Amino acid sequence: MRHALGQPLRPRFYARDTQRVARDLLGCVVETRVRGVPTAGRIVEVEAYVGPHDPAAHGYGWRKTARNAWLFGPPGTCYVYFIYGNHWCVNVVTERDGYPSAVLLRALEPLAGLDVMKRRRRTGDPRLWCSGPGRLCEALGITGRFNGESLAGPRIRVLRPARRQPVRMAVGPRIGITRAVDWPLRFYVRGSPWLSRQDRTA
DNA sequence: GGTAGGATAAGCT
DNA sequence: GCTTATCCTACCA
């Protein structure tokens, strides 16, 4: 039962319009294996960073640096960056090789390795394990060493469950940005208790 | 219940 | 110097 949680998404899943990829990622499962220790969670919240014309995206104006280089990588790659001197954030790279677009993972519903998440996050409250981009990286053991890895690789993969639950999706503005603040590029599962902030529209 | 401020570092001007 | 795709604690209500 190697893939009890589902089958890995193929590269062509990611090689599409970034907003479509973002929507379709809701309900899929992220699984990591760090030093043999597995953890997994269902994606309930994402944000799209749609390309060089997106003022809030790291690849705005085609500006490529050592830090964001993997944002320009092939679809289905991990782009991981360090922010605010404290936190890692993980993205899935989309569209075509050389084009800077990606989907930021913002919140997961914990599914497997719950004891490990509890230890890594240093809190017994499951709501605080994966409800935010920095939190979910800590819970799943994702660090800069994952930058540039394939999302179908041995250490991190994204799976489509055999029986994917129907998702009631909501859309809103992205969080924590100062430019393009009204672009509705945050997609999340309406009413989910695992979001990075409470859904008041549910 | 809510919010203000600090931690902490890379990248930019 | 200043900003940043964040999180946590302290404090006030």
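Taking the criterion of being over 14 Å from A:THR77 (Cβ atoms), in contact (Cβ under 8 Å) with a residue 60 or more places away in the chain and either in contact with a Lys or Arg (Cβ under 7 Å, 6 or more places away or on another chain) or assigned to a loop (DSSP other than H, G, I, E, B) (or both), the residues of the range A:136-152 that qualify are A:ALA139, A:GLY141, A:THR143.
Scanning the range A:108-126 for residues that are of a type in the set (A, V, I, L, M, F, W, C) and assigned to a helix (DSSP H, G or I), we see that the one that is surrounded by the fewest Cβ atoms within 10 Å (Cβ to Cβ) is A:LEU114.
Listed conditions (1) more than 16 Å from DNA strand B (Cβ to nearest atom); (2) of a type outside the set (Gly, Ala, Ser); (3) closer than 25 Å to A:ARG23 by Cβ are all met by A:ARG179, apart from (1). Do the conditions hold for A:ARG163, that is, is it more than 18 Å from the chain's Cα centre (by Cα), more than 16 Å from DNA strand B (Cβ to nearest atom) and over 21 Å from A:CYS28 (Cβ atoms)? Criteria not met by A:ARG163. Assessment of the range A:138-150 against the conditions (away from DNA strand B (no atom under 15 Å from the Cβ), among the aromatic types (Phe, Trp, Tyr) and either modelled with pLDDT under 95 or farther than 14 Å from A:TYR81 by Cα (or both)) yields no matching residue. Those residues that are within 11 Å of DNA strand C (Cβ to nearest atom), surrounded by 12 or more Cβ atoms within 10 Å (Cβ to Cβ), part of a loop (DSSP other than H, G, I, E, B) and not aliphatic (A, V, I, L, M), I need them from the range A:163-202; list them, please. Correct list: A:ARG174, A:GLY176, A:SER196, A:ARG197.
Only one entry of A:PRO100, A:PRO110, A:PRO133 meets the criterion of being in contact with a helix residue (DSSP H, G or I) (Cβ under 8 Å, 6 or more places away or on another chain), touching a residue at least 24 places away in the same chain (Cβ under 8 Å) and either among the β-branched types (Val, Ile, Thr) or within 16 Å of DNA strand B (Cβ to nearest atom) (or both), and that entry is A:PRO100. Note on the range A:39-89: among residues that are aliphatic (A, V, I, L, M), part of a strand (DSSP E or B) and within 16 Å of DNA strand B (Cβ to nearest atom), the one that is surrounded by the fewest Cβ atoms within 10 Å (Cβ to Cβ) is A:ILE83.
The values are calculated or read from the model by the stated rules, or taken from the named source; none is laboratory data. As the structure is a prediction and not an experimental result, all values here were calculated from the model. Glycine gets a Cβ as well: all are built from the backbone with ideal geometry, and neighbour counts include every protein chain shown.
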